[in-house]
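Worksheet: one structure, shown below.
What follows is calculated from the coordinates using simple rules that are stated; it is not laboratory data. All figures in this text were calculated on a predicted structure; none of them were measured in a lab. So basically every Cβ, Gly included, is an ideal-geometry build from the backbone, and we count neighbours across all protein chains shown.
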Amino acid sequence: MSSFFNIITQTLAAAVATVGFSLLFGTPVRYYPFCGLIGGAGWFFYITALPFSSASAATFLSTVIVIFMSRWFAVRKHCPVTIFLISGLIPLVPGNGLYWATYYGVTGELTMAFQTGLEAFKVAVAIVLGIVFVLEIPQKVFTIGNKN
Amino acid sequence: MDQAKYEQEILLLALNAGRILLENGAEVTRVEDTVLRICRHYGLKSASSFVLSNGIFLTSGSEEETQFAKVQQIPVNAANLSRVADVNQLSRQISAGLCTLEEAKAALEQIDRSPGFPWWVQAAAAGISGGCFSAMFGGHLKDFFCSLIIGFLLQLFMLKLGKPCFSKIVRNILGSALVTLLSIFCYRLGLGFRLEALMTGGIILLVPGLAFTNGIRDIAAGDYISGSVRMMDAVLVFFSIALGVGFIIALANQIIGGIQL
């Protein structure tokens, strides 16, 4: 029950954080709800998948979902995919891993530093793979069922 | 207007649109696409462009059309995605034939002048994002409020002192050092509960998300030069953050004998 509550609050926090980042990147205000939705969905799938997989696999999954949704909305709202993509991906960027790698590196625990650094790097690679794969999907897939 | 002058106007319009796109965080393919689309639509068939992450080279000229070339150097700037969206919208209208050359020119000027958010709104947004991030990484309510203030102060520092006074690298080193200092301070005073959550909430505001994402997209699209430059930019910022964080933690270890986690 408490983990369910955790998932809900964290998803909401991710959605609000994504909207905050949209503002910092100067995204038009009319797209904020979609940015929030995308960021929240990305984090929701990340924390849901995390108990069953590695951090990089969970990141890959949610990157794919974030970019798929970004392209979906980009086609429907007639705007560049960049607008949804950049703020939506921010929650998945390994800022936390960067902190731990630095922390262990400075405090002399080199094994842990290497381990956390490698983990952060793997997460970054997972994001790269997600971006590359989903951006290769032909535009036609996303225009299915698009009325306007 | 005579033909040569008209062609020159088209080229300058296209270049201007490209500049606004590139300056505000669009990827290279989009810039090239838009520039050529505008030229073709207004009847300049021979236009050809070469776009890098910090410059646009645009030429035209053939047996029928006048020779003209223009190079525009574009400084790396803070992104404003609403300008990218607006130029994109304008280029759609131009393609649909809804805009004369004069109208398009006026519209572009207006987009270029559209203001960003004032500093306090940006700092508040950074604070809220930082607070939410600390909640996402296991922070409690106390951590949320600490990160809120740390994020606000960090953005204030970056906008008011960092941007006008320091280079990008120094700015990020100082910014992450500030985050670490404030986080350890809050943690030691008992205002914050989890140092990890405080740190993550602060660091994430410095992470080069735009450069990283656009770098990958440029490389994936085959624009290797621009892609590598942007990736290099992102990696440098990552290293700067690590340097700032590491410096303060090492210092704290020396002075207060380690930070118990």
Exercise. Would you pull out the residues with amide H under 5 Å of B:Ser46's amide H, same chain only if 5 or more places away, H placed 1.01 Å from N?
Key: B:Gly61
Exercise. Scale the Cα Rg of segment B:1-113 by the rule-of-thumb value 2.2 N^0.38 Å and send over the ratio, two decimals.
Key: 0.99
Self-check item: Largest-first principal axis extents, alpha carbons of segment B:85-193, Å
Solution: 63, 31, 20
Quiz item: Angle between the Cα long axis of helix B:3-23 and the longest principal axis of chain B, 0 to 90 degrees, nearest 10?
Solution: 10 degrees
Quiz prompt | Where GluC sites (Glu not before Pro) fall in DSSP loop in segment B:1-65, at most 11 other Cβ within 10 Å | solution = B:Glu63, B:Glu64
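Quick one: A:Leu85, A:Leu135, fewest Cβ neighbours within 10 Å first, how do they rank? Could you put the intermediate results ahead of the total?
Numbers: A:Leu85 26, A:Leu135 16.
Least crowded to most crowded, the residues run A:Leu135, A:Leu85.
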Practice problem: Per DSSP H run of n ≥ 4, the term is -39500 (n - 2.57); total these for chain A, divide by its residue number, and report the mean residue ellipticity at 222 nm rounded to 500 deg cm²/dmol. | Solution: -26000 deg cm²/dmol
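The protein assembly as shown: percent of C-alpha pairs farther apart than 28 Å?
Values: 40771 of 83436 pairs.
Pairs farther apart than 28 Å: 49 percent.
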Quiz item: Expressed as an acute angle from 0 to 90° and rounded to the nearest 10, what is the orientation of the C-alpha long axis of helix B:81-95 relative to the principal long axis of chain B?
Solution: 20 degrees
Quiz item: Which value in nm describes the separation of the simple spin-label points at B:Lys5 and B:Lys105, placed 7 Å from the Cα toward the beta carbon?
Solution: 1.0 nm
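List the relative contact order of chain B as a percent without decimals, with contacts defined as Cα pairs under 8 Å and 6+ residues apart. Could you put the intermediate results ahead of the total?
Values: 381 pairs, mean separation 43.2, N = 261.
Relative contact order comes out at 17 percent.
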Exercise. Beyond 24 Å between alpha-carbons counts as too far, so tell me which of A:Lys77/A:Lys140; B:Lys105/B:Lys163; B:Lys45/B:Lys105 fall in that bin.
Key: B:Lys105/B:Lys163
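Hey, could you get me the Stokes-Einstein D for segment B:119-256, Kirkwood radius over alpha-carbon pairs, 10 °C and 1.306 mPa s, rounded to whole µm² s⁻¹?
For these conditions, the coefficient is 103 µm²/s.
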Quiz prompt | Folded to 0 to 90 degrees: helix B:141-156 orientation relative to chain B principal axis, Cα | solution = 50 degrees
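How high is the relative contact order of segment A:2-143, given as a whole-number percent (alpha carbon pairs under 8 Å, six or more residues apart)?
Working: 170 pairs, mean separation 36.4, N = 142.
Value for segment A:2-143: 26 percent.
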Quiz item: So what is the 222 nm mean residue ellipticity for chain B from helices alone, if each DSSP H run of at least 4 adds -39500 (n - 2.57) and you divide by all residues, rounding to the nearest 500 deg cm²/dmol?
Solution: -22000 deg cm²/dmol
Quiz item: For chain A, what size does the Cα cloud have along each of its three principal axes, sorted from largest down, in whole Å?
Solution: 58, 33, 32
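Hey, what did segment B:3-113 get for relative contact order, percent, Cα under 8 Å, at least 6 apart?
Details: 156 pairs, mean separation 32.1, N = 111.
For segment B:3-113, the relative contact order is 29 percent.
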Exercise. Give me the orientation-averaged projected area of the Cα convex hull of chain B, in nm², one decimal.
Key: 16.0 nm²
Exercise. Would you order A:Ser56, B:Ser176 from fewest to most other beta-carbon atoms within 10 Å of each residue's own beta-carbon?
Key: A:Ser56, B:Ser176
